[in-house]
């Protein structure tokens with residue numbers, strides 16, 4: 001063992017001690033059961049809610065934790081410390097329903113990435129947290145002969161070494177899961193990287209055949225990737241609490257095991273093509289929906305999650321034709337009343353409060369009123385409420401605390417029997 005790893009293990013020990021005290025608290029079992037019942041469409045005592053802290057920007061975390069909260073030095077140790085410190089901060093400051101699992105996650109490196117046959121590069125910004133700008137390889141014209149199916153292979157040996165290092169760093173006191181790389185089922189987002197958004201929006205009128213052909217290559221790649229991962233066991237489905245639950249790497253996914261070997265459906269696959277926001281419903285149904293339908297057909301149970309931060313008031317009718325759809329994201333830009341009225345009763349609604357309003361535009365009283373109104377509406381069916389896409393908190397981490405307290409206060413009985 002190197003001196004750096006020993007020092008990092010010593011530094012992690014008190015952090016793991018603190019975290020285990022949280023993870024072993026009886027309220028965590030109640031939270032796991034709440035989400036597992038929720039996703040199983042069973043009656044739950046109240047509308048579940050959470051802050052999606054895994055997606056908070058580094059700027060937001062600097063406001064909450066300070067500019068340099070990590071004390072460890074090696075790559076794996078810092079990744080573990082980062083997870084634990086953030087979970088501990090959330091537990092101390094935000095009383096939401098997100099369970100704190102008795103585990104951590106390390107990422108498996110990529111062994112082989114064939115790419116799309118053409119390079120996708122980015123112009124990086126000079127300012128901190130600025131958005132990268134993709135440089136589309138087909139900006140001057142689509143060349144289908146150059147576009148290849150993409151293959152993504154994990155480096156299992158390197159991943160297991162990384163997992164073994166993590167187990168040693170936490171001294172075996174936390175379960176360490178290995179998260180495998182995968183191709184996301186977001187075909188239009190990939191086409192934007194290849195062609196550019198402005199050009200692509202014209203292409204759906206000027207060269208629809210080429211767009212369909214490009215979409216097919218991307219969807220074929222995702223389908224091949226799913227089949228390979230199922231065959232090899234490279235799925236991001238993690239057993240928890242002696243197998244009493246399964247969970248995925250995102251948010252608050254907690255499920256009761258089915259008794260079968262893990263499969264694509266157990267990942268609760270995440271479908272999204274937010275770059276298609278500029279397309280109307282007819283264009284969406286013609287150029288985006290078919291790929292989603294093909295890929296979702298691989299899901300053997302209704303566990304597909306559709307995420308869209310854009311307005312989906314009209315597109316939801318096409319989206320509901322995606323096979324195995326179960327969980328539907330209703331952003332602040334989609335009318336919640338409209339969604340509750342028109343989305344099928346067998347779908348779980350994931351509603352969201354607006355982070356810009358929560359941290360910048362609203363007073364404390366307006367945050368409370370917004371949460372109260374949404375919770376009142378959501379109590380009529382199986383729904384959950386979230387605060388996510390938090391890119392900046394305006395130097396006000398206390399707003400996270402306030403938002404969660406409002407949710408706790410107004411979360412009414414929920415579920416199909418409510």
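The values are calculated or read from the model by the stated rules, or taken from the named source; none is laboratory data. Worth saying up front: this structure is predicted, and the values here are computed from it rather than measured. Neighbour counts run over all protein chains shown; Cβ positions are idealised from the backbone, glycine included.
Taking the range 72-86 as the search range and keeping residues that are touching a strand residue (DSSP E or B) at 6+ places or on another chain (Cβ under 8 Å) and farther than 19 Å from residue 158 by Cα, which one is surrounded by the most Cβ atoms within 10 Å (Cβ to Cβ)?
Checking each candidate, the answer is 84.
Within the range 150-174, can you find the residues that are surrounded by 18 or more Cβ atoms within 10 Å (Cβ to Cβ) and in contact (Cβ under 8 Å) with a residue 60 or more places away in the chain?
If the condition is that a residue be surrounded by 18 or more Cβ atoms within 10 Å (Cβ to Cβ) and in contact (Cβ under 8 Å) with a residue 60 or more places away in the chain, then 150, 152, 154, 162, 165, 166, 169, 170, 174 are the ones that fit.
Within the range 102-123, work out how many residues are under 22 Å from the mean Cα position of the chain (by Cα) and either without any contact (Cβ under 8 Å) to a residue 12 or more places away in the chain or farther than 24 Å from residue 182 by Cβ (or both).
Counting residues in the range 102-123 that are under 22 Å from the mean Cα position of the chain (by Cα) and either without any contact (Cβ under 8 Å) to a residue 12 or more places away in the chain or farther than 24 Å from residue 182 by Cβ (or both) gives 1.
Keeping to the range 285-304, report how many residues are buried (at least 22 other Cβ atoms within 10 Å of the Cβ) and either touching a helix residue (DSSP H, G or I) at 6+ places or on another chain (Cβ under 7 Å) or not in a helix (DSSP H, G or I) (or both).
Counting residues in the range 285-304 that are buried (at least 22 other Cβ atoms within 10 Å of the Cβ) and either touching a helix residue (DSSP H, G or I) at 6+ places or on another chain (Cβ under 7 Å) or not in a helix (DSSP H, G or I) (or both) gives 7.
Could you please find all residues in the range 205-240 being outside any helix (DSSP H, G or I) and either out of contact with any helix residue (DSSP H, G or I) (no Cβ under 7 Å at 6 or more places or on another chain) or within 29 Å of residue 192 (Cα to Cα) (or both)?
Hits for the range 205-240 are 207, 233, 234, 235, 236, 238, 239, 240.
Mind counting the residues in the range 340-358 that are more than 19 Å from the chain's Cα centre (by Cα) and touching a residue at least 24 places away in the same chain (Cβ under 8 Å)?
Total meeting the criteria: 8.
Could you go through the range 18-32 and let me know if any residue there is over 23 Å from the mean Cα position of the chain (by Cα), loosely packed, with under 14 Cβ neighbours inside 10 Å and farther than 19 Å from residue 174 by Cβ.
No, every residue in the range 18-32 fails to be over 23 Å from the mean Cα position of the chain (by Cα), loosely packed, with under 14 Cβ neighbours inside 10 Å and farther than 19 Å from residue 174 by Cβ.
Among the listed residues 182, 201, identify the single one that is within 30 Å of residue 136 (Cβ to Cβ) and part of a loop (DSSP other than H, G, I, E, B).
Exactly one residue qualifies, and that residue is 182.
Would you say residue 234 is modelled with pLDDT under 95 and either buried (at least 18 other Cβ atoms within 10 Å of the Cβ) or under 16 Å from residue 39 (Cβ atoms) (or both)? Quick ask: steps written out before the conclusion?
On the way: modelled with pLDDT under 95: no; either buried (at least 18 other Cβ atoms within 10 Å of the Cβ) or under 16 Å from residue 39 (Cβ atoms) (or both): yes.
Criteria not met by residue 234.
Quick check on residue 412: is it at pLDDT below 95 and more than 28 Å from residue 36 (Cβ to Cβ)?
Working: at pLDDT below 95: yes; more than 28 Å from residue 36 (Cβ to Cβ): no.
No: the conditions fail for residue 412.
How about the range 43-89: which of its residues are assigned to a helix (DSSP H, G or I), in contact with a helix residue (DSSP H, G or I) (Cβ under 7 Å, 6 or more places away or on another chain), closer than 14 Å to residue 393 by Cβ and in contact (Cβ under 8 Å) with a residue 40 or more places away in the chain?
Correct list: 53, 64.
Please go through (1) surrounded by 13 or more Cβ atoms within 10 Å (Cβ to Cβ); (2) over 26 Å from the mean Cα position of the chain (by Cα); (3) farther than 30 Å from residue 233 by Cα for residue 126 and return the number of the only condition it doesn't satisfy.
(1)
Kindly indicate which of 346, 370 is in contact with a strand residue (DSSP E or B) (Cβ under 9 Å, 6 or more places away or on another chain) and either under 25 Å from residue 64 (Cβ atoms) or assigned to a helix (DSSP H, G or I) (or both). Break it down stepwise before answering.
Working: 346 fails: either under 25 Å from residue 64 (Cβ atoms) or assigned to a helix (DSSP H, G or I) (or both).
The match here is 370.
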